[in-house]
1. Against the definition (more than 16 Å from the ligand (Cβ to nearest atom), at pLDDT below 95, in contact with a helix residue (DSSP H, G or I) (Cβ under 9 Å, 6 or more places away or on another chain) and farther than 30 Å from residue 15 by Cα), how does residue 215 come out, yes or no?
2. Hey, does the stretch 227-235 have a residue that's assigned by TED's automatic domain parsing to the domain that holds residue 35, part of a strand (DSSP E or B), away from the ligand (no atom under 16 Å from the Cβ) and in contact with a helix residue (DSSP H, G or I) (Cβ under 9 Å, 6 or more places away or on another chain)?
3. Considering each residue of the stretch 54-84, count those that are without any contact (Cβ under 8 Å) to a residue 40 or more places away in the chain and assigned to a helix (DSSP H, G or I), and give that number.
4. Read through the list (1) surrounded by 11 or more Cβ atoms within 10 Å (Cβ to Cβ); (2) assigned to a helix (DSSP H, G or I); (3) more than 16 Å from the ligand (Cβ to nearest atom), then give the number of the only condition that residue 12 fails.
5. If you go through the stretch 85-95 one residue at a time, do you hit one that is over 30 Å from residue 260 (Cα atoms), surrounded by fewer than 16 Cβ atoms within 10 Å (Cβ to Cβ) and at pLDDT 95 or above?
6. Is there a residue in the stretch 117-125 that is part of a loop (DSSP other than H, G, I, E, B) and either surrounded by 12 or more Cβ atoms within 10 Å (Cβ to Cβ) or touching a residue at least 60 places away in the same chain (Cβ under 8 Å) (or both)?
7. Can you tell me which residues in the stretch 237-267 are at pLDDT 95 or above, loosely packed, with under 10 Cβ neighbours inside 10 Å and within 16 Å of the ligand (Cβ to nearest atom)?
8. With the requirement that a residue be within 25 Å of residue 169 (Cβ to Cβ) and either outside any loop (DSSP other than H, G, I, E, B) or not assigned by TED's automatic domain parsing to the domain that holds residue 143 (or both), what does the stretch 194-206 give you?
Ligand code: SF4
């Protein structure tokens, strides 16, 4: 019998959630699982929610206006700087994904910081307004069942001349060698997704870091196409993810990352 239309949605059981997580995985889920399985458990299995952080709100607002900017380029109706600013103001006001708790005066400062990042990026023409992108903000999947792995899912921010471009906001200037290593799960996942969906090889991956300094700057890190060694590493990481979920292996991994962990208090009570 079907549930009445006005019946409250049924809570999914932990077993159903775990099954779903074994069917599909994104780079961010996989990275979090490998960073700390208990944090993964709090966020994706128990689905504990925490207030949005100010830096996440800045990052989301910047990301939203760059998405609009690139979509307009794709439609070949580029935005003016004024339209981009309006889009930023609108994105900033959007608290549908949570509202940060601001200290007095903090919101205006952060809002200005975010806009200065966008303004710097657009004025420096890191994405020429008249160049039509290959794809903007496109959700993609790769069926990896023949490797005994979950489906890989993700959203490509921007693809231009077969180069996969991902946006990041950062408080510090990234080191290109380190950032290529620390983002490897994400960049390799994007390459796998790109190849599965186009049948073509990407020309490379570029990370566009918008750095929140007193004088904002843009740092672009370019990487060559994915190697077969990187693909193998990713597939082994996905195997470890799958095996860990099957064993329900959700142990804490205390380390430097705990300083910024929103589940610190829950973690201290874990036994
Ligand atoms: S505090 Fe550290 S060990 Fe605990 S859940 Fe967070 S990241 Fe993991």
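The values are calculated or read from the model by the stated rules, or taken from the named source; none is laboratory data. Quick caveat, the model's predicted, so the values are computed rather than measured. Positions of Cβ are backbone-derived with ideal geometry, glycine not excepted, and every protein chain shown enters the neighbour counts.
1. On the way: more than 16 Å from the ligand (Cβ to nearest atom): yes; at pLDDT below 95: yes; in contact with a helix residue (DSSP H, G or I) (Cβ under 9 Å, 6 or more places away or on another chain): yes; farther than 30 Å from residue 15 by Cα: yes.
The answer is yes for residue 215.
2. Filtering the stretch 227-235 for residues assigned by TED's automatic domain parsing to the domain that holds residue 35 gives 227-235.
With part of a strand (DSSP E or B) added as a condition, the list becomes none.
The answer is no, given that none of the residues of the stretch 227-235 is assigned by TED's automatic domain parsing to the domain that holds residue 35, part of a strand (DSSP E or B), away from the ligand (no atom under 16 Å from the Cβ) and in contact with a helix residue (DSSP H, G or I) (Cβ under 9 Å, 6 or more places away or on another chain).
3. Residues in the stretch 54-84 being without any contact (Cβ under 8 Å) to a residue 40 or more places away in the chain and assigned to a helix (DSSP H, G or I): 7 in total.
4. (2)
5. yes
6. Our first condition is that a residue be part of a loop (DSSP other than H, G, I, E, B); within the stretch 117-125, this holds for 124-125.
Now drop any that are not either surrounded by 12 or more Cβ atoms within 10 Å (Cβ to Cβ) or touching a residue at least 60 places away in the same chain (Cβ under 8 Å) (or both), which leaves 124.
Among the residues of the stretch 117-125, at least one is part of a loop (DSSP other than H, G, I, E, B) and either surrounded by 12 or more Cβ atoms within 10 Å (Cβ to Cβ) or touching a residue at least 60 places away in the same chain (Cβ under 8 Å) (or both), which makes the answer yes.
7. Answer for the stretch 237-267, where residues must be at pLDDT 95 or above, loosely packed, with under 10 Cβ neighbours inside 10 Å and within 16 Å of the ligand (Cβ to nearest atom): just 265.
8. Residues of the stretch 194-206 that are within 25 Å of residue 169 (Cβ to Cβ), as a first pass: 194, 202-206.
194, 204, 205, 206, listed by residue number.
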